[in-house]
Each structure stands twice: as structure tokens, then as C-alpha cells.
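Values quoted throughout were computed directly from the atomic coordinates according to the rules given, and no laboratory measurement underlies them. The structure presented is a predicted model; accordingly, all values stated were derived computationally and were not measured. Cβ: placed from backbone, ideal geometry, glycine included. Neighbour counts: every protein chain shown.
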Amino acid sequence: MTVLNEVRERVGTASPSSTLRYVPLVALLTDIGLVAASVVLAVLGRKQLSLFTSAADISSHLTFVGPLLVLGWVVVVYLAGGYRADVFGAGTDEYKRVFNASIVTAGLLGVACYLAKFQLSRGFFLLAFAVGIPLLLLGRWASRQTLHRARRAGRLQQGVVIAGTAPHIDEIANVLRRESWLGYRIIGAITPVHDDREETPAGIPVLGDTTDVTALVMKTEADVIFFAGGSIGTGAAMRQAVWDLEQHRVQVVVAPSVTDISNQRIKVRPVGGLPLMHVDPPTWSHASRLGKRVFDVVGSLSLLVLLSPVFVAVAAVIRLHDGGPVLFKHNRVGRHGGSFECLKFRTMCTDAEDRIKALQVEHGQQALLFKLKDDPRITRPGRTLRRFSIDELPQLLNVLLGDMSLVGPRPQVPAEVELYDSAMSRRLHVRPGVTGLWQVSGRSDLSAEEAVRLDLYYVDNWSMLQDLSILAKTLRAVVSRQGAY
């Protein structure tokens, strides 16, 4: 039995769930319902709030302007590409299209009422869009979360074949496996003619060589083909492959050897028919600007005031437990390699530092990101504090003093920093954070390599929007207690 037949027998020949083709339709129907609800709420709210002092009956707006607004709003979203199949599931493009279309709808409605001299209630107008825009964005977010959950459970997936050299194939496969919410099910690989292996080092079965890509993809009934590095030698051959595959409705994705770079830094500009990818410089220098520092000071000061009762209660519990110090001060490496005293509520026994070497030897772990799931040094109240990340709260004082930031890579001890290679040292370009990308992505359940990868992604692709997103996700990570120990 050939490798191709074995693969077909293992994964089956079924096409992706037919439900996928209905995702845009579901989004359309959801948007219609949410816009209609916002119109009704605007009418009811206008009556109750009596905005702009007028209490006139505007129920006629619901029978005339209402249906027109619902239809026009959805049409503008459609024209803006808000129901294209490729915008669902990942990225911010979907939200941008919906938001921009909503703003355009508001502008068009205002201009139309002015030109037609139609006396549209200003209160109704403001309420309709003040309620409708957040509702639409929330609906898209909820739909995306549902789609991601289905994909992680193995549903609504697309079969994928990856073409290229074995190292490039494995690199793409590792990303697709790690990000299961993307919904790609790897069927197999297609390698160059000179490569006669039966599977890649990562265990991806090789279906054949690149001399007949289209036939191999058709036999596996794949939905998507990824062209990675070394897949096809010339531009003309690639163009011919795209022409052949388009006849069979196979989606073609070109995967360059560029990973862990945010879409905000990538621009594709065609020059003479050649699509050139431009990668903007890393944004770590932006993370040191005044705006982020002001945000840190205001945020940390507000949280310190708000959480002051928690500080008092935790300090009392720790002190009463064993009579030891309340705070644990540890030397950590900060921005540009400078050292500072990182503050935490003490969660371990008083001789914890003296026992760390023996534990490293016992469990066979290196100093880099050393952490035990069942650390015997943790005290009884310390386990509760760690589970809910309460022990990290004193680091708000470090943020206020300028040693740390609210969001950034995790602060590490000098012994860990000494093990850094040239890539890992990039983490020192920014202030370490109380929370960060690794905390909201699994925390201690992540491997050391994965934690470092996330920190480097944060440093190279920093943005204030990403900081706000991480802070919002931190609360969910703390409540779920995933990876906290």
C-alpha cells in the first residue's frame, strides 16, 4: 500500500464540514438581528430618556426609517467586505470592516436626512449607532469564539497539504498544530524531487514530489495547499500550479519563511507583477515611549488604591501563618540589563532560596524558567495566593517606581539571563511586566521555549492595543487559574 493510500485511509476523503460555507450567511443573519434590535432599543430608549428635550412620539421611525436603516447598514457592511469568507476566524480585519462600515452608514444616514429635509430624531440617531456598533462587534466576537471552540474540538476544519522542503514543512506544521483554532487538519506533505523520504522529521507523511502537485492534491481531496520554502523553483511554475488548482476550487496559500511577525508590520506591495513583502522594523523602541509610561503610572496607582484592602488582608494572613516577612524581595534583571528588587507576597518557606539548587538537581531542570508544579517550598496560604496570582500584586509598586511595566516579558533572575542567547536577549529591550503574553497563553503550563517565543513576539510587535488586550485577557486567565502554580 502506498503512502498516499495510507494517508487517505487514515484521514478519510471527506471534504470539510459543509457548515463552513454557511459561516458568512450566519454572520449576515446575526447582523440583521442585532441591527434590528439596536433600532428597536433606540426607539424605546429615545422615549424613556427624552434626549434633546423633545418628547415627541417617534414610533413612526420604526416603520419607516427602521427597516431602511437595517437594510442599508447590512448592505454597507457587505460592500465593505464584512461577509467575505476569508475575514472570519482570525485577525482584526473583520472587526475593522464592520466598524468602518457602521461609521459610513451613520454618515450616509445623516447626509440623506439633511438633503431630504427629513426630521430624524437626534436621540434616535445617536442611540441606534451607540448601541448598534458595540452589538455588532460583540456579535462578531461571540461568533468567532464559537468557531474557535468548534475547531479545537476537531470540527469545521479544512484539509491541508504542505509543499516544500522538509524543514519548511515542519515549521508550518508546528504552527498549524499549535494554533488549532485556525481549523487546519494536516493531511500530508509534498517535497522536491530529490527528497525521497517517506515522512518529514516531524512525522508528516510525504505524499509525493512537486512534479505533479495538482494530481496529488486532488487525490487527497485537500481544501488548502500551503506552498512553503523550496516548494516550486520558478515563478512561472508557481503561476501554472495556481492556474491548475483554481479549477478544482483549492485554496492556495504561500507561506514565506517569516514567523512571529504581526500583520501590522507586514505590507505586500506588487512591483512589476512581483508581490514583494515589506517587513517594518520591530516596535520594541515604541514600548519605551512616554505614552506607555504614563499609562503604567496611572494604572498602577489606581490599582494600588483600589486594592489596598486586599494588601492589608494578605499581609495579615502571611504574618500569622509562620511569622516570617510579608514581602519577598528578589533581584531581577530589568530593561537594558539593569537589576532591581522585584516585590512579591511571600508564598514560600523562609529557606526557599537555599533549597532551589537541590530541587533543580532532583527534577533535572535547568535554571532557565525553573518552576515546579508541586513545589514543596510553597506554604499553605501561598498556594491560594499563587492560584489567583495575588502574590504578584506588590509588583504594582515596581511599576510605579519605573522598574517594571503593567505588560511585558516576565522578569527573570540573573542566573536565567546568563543562559540567554542572542535572540533571547531581545527581551531586555523593554521593561518586564506584571502580566504578559505568556501569562494569558497558558502561564506555567507552557514549555520554556514557548514562553520565550511569546515574549519575543511581544517585544518585536509591541502596540498599545496589544497591551490593552493582554490586560483584558489577564483577568480571564486569573479566574480560570490555568497554568498557575
| note | So, over other residues within a Cβ distance under 14 Å of R293, counting Lys, Arg +1 and Asp, Glu -1, the net charge is +1
| query | By DSSP, what percent of the beta bridges with both residues in the range 157-257 are antiparallel, rounded to the nearest 5? | reply | 5
| field | Three semi-axes of the equivalent ellipsoid, the range 157-257, Cα gyration tensor, whole Å, largest first | value | 18, 16, 12
| field | For I169, I186, order by how many other beta-carbon atoms lie within 10 Å, fewest first | value | I186, I169
| Taking the Cα centre of each part, how many Å lie between the range 397-417 and the range 132-206? | 35
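Students often check this: by mean Cβ neighbours within 10 Å, which of 106-116, 92-102 ranks highest, and how do the rest follow?
Final packing ranking: 92-102, 106-116.
Counting other beta carbons within 10 Å of each residue's own, what order do V279, V77 fall into, fewest first?
So the residues, fewest neighbours to most, are V279, V77.
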| message | Out of the trypsin sites (Lys or Arg not before Pro) in the range 188-283, which ones are loop residues according to DSSP with at most 13 other C-beta atoms within 10 Å? | response | R197, R249
| task | Count charges around T191 for me, please; just the other residues with Cβ under 9 Å from its Cβ, Lys/Arg as +1, Asp/Glu as -1. | result | -2
| Classify the range 196-247: rounded, prolate or oblate, from the alpha-carbon gyration tensor (a ≥ b ≥ c, eigenvalue square roots; a/c under 1.5 rounded; otherwise prolate if a/b is larger than b/c)? | oblate
| Ascending count of other beta-carbon atoms within 10 Å, so fewest first, for R386, R177 | R177, R386
| If you project the alpha carbons of the range 128-185 onto their three principal axes, what span does each projection cover, largest first, in Å? | 54, 20, 15
| remark: Env charge @ F226, Cβ radius under 14 Å, K,R +1 / D,E -1, value -2
| If you take the C-alpha gyration tensor of the range 18-152, multiply each eigenvalue by 5 and take the square root, what semi-axes do you get, largest first, in whole Å? | 30, 15, 12
